[in-house]
1. Would you mind checking which residues have amide H under 5 Å from Cys102's amide H? H placed 1.01 Å from N; only 5 or more apart, or other chain.
2. For Pro56, what charge total do you get from the other residues with a beta carbon under 15 Å from its beta carbon, if Lys and Arg give +1 and Asp and Glu give -1?
3. Just read off the accessible area of Trp81 with the full protein assembly in place, 1.4 Å probe, to the nearest 10 Å².
4. Compute the projected area of the convex hull of the Cα atoms of the stretch 61-192, averaged over all viewing directions, and report it in nm² to one decimal place.
5. Expressed as a rounded percentage, what relative contact order does the stretch 44-96 have, with Cα pairs under 8 Å and six or more residues apart?
6. Grab the other residues whose beta carbon is less than 10 angstrom from that of Val68, score K and R as +1, D and E as -1, and report the net.
Amino acid sequence: MAAHLGAHICFEDETGQGLRPPKGRTWAPRGARPVVRVLGRGSGRGNVAGVACFRPGGRPRLFYRLHVYHGRKGEPKSFAWKGDRDLIFAVHQQLGTALMWCWDNVNVHLDRRLVAFAVEHATWLTLVQVPAYAPELNPAEGVWSLMKRAIANFVADLRGLVRIVKRKLKKIQFRPDLLDGCLAETGLVIENSISTSST
């Protein structure tokens, strides 16, 4: 269907990282385990909504938006439906094609205002719900794995965390081979439609 429409298949997902970094592995002399001390204090958090876009015969693309939560009273902790709507619209503007938007069924994705937005823009937007509890079907999960490897054992405040996340995601944007690898890891294949016309 996507190949017939000339659409991009877009896999969207969200992740977050607090000030306590993920653990990483490294080499060290036997009996001398390296220890990286981090503050890990504060309630700040960086949230990322990202989308990996694929099109038969085309270069894969990665788009993302960040939401920084500083831990202030009354401040939204994560993306609301407007953030998802704006990301969809920005991706459509950048790619200039129809979109098949694949995501999970978290509450914000099921918001009636997002559903109404999809109906209003049905000429270029098709929403597809992936099965629940199936992160292995979403190439964006591979992007998060690559990103979190880069921030393992970092020592930084919230500003430093945001800087590291942006830097790593920008590097991934310029490495289509990494995005192809994330897609291959899912076992999904994006291929051109096969012509059935006879001669």
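1. Cys10, Phe11, Glu12, Val128
2. Numbers: positive: Arg55, Arg59, Arg61; negative: Asp180, Glu191.
Neighbour charge sum, excluding Pro56 itself: +1.
3. Its heavy atoms expose roughly 40 Å² to the probe.
4. Values: hull surface 39.0 nm².
Mean projected area for the stretch 61-192: 9.8 nm², to one decimal.
5. Values: 53 pairs, mean separation 17.2, N = 53.
Relative CO of the stretch 44-96 lands at 32 percent.
6. Values: positive: Arg45, Arg159; negative: Glu75.
For residues surrounding Val68, the net value is +1.
The values are calculated or read from the model by the stated rules, or taken from the named source; none is laboratory data. Please read all numbers here as calculations on a predicted model, not as lab measurements. Quick reminder, even Gly has a Cβ in these numbers, built from the backbone with ideal geometry, and neighbours come from all protein chains shown. Side chains included, ligands, DNA and RNA excluded: accessible areas come from the protein's heavy atoms. Shrake-Rupley method; radii C 1.70, N 1.55, O 1.52, S 1.80 Å.
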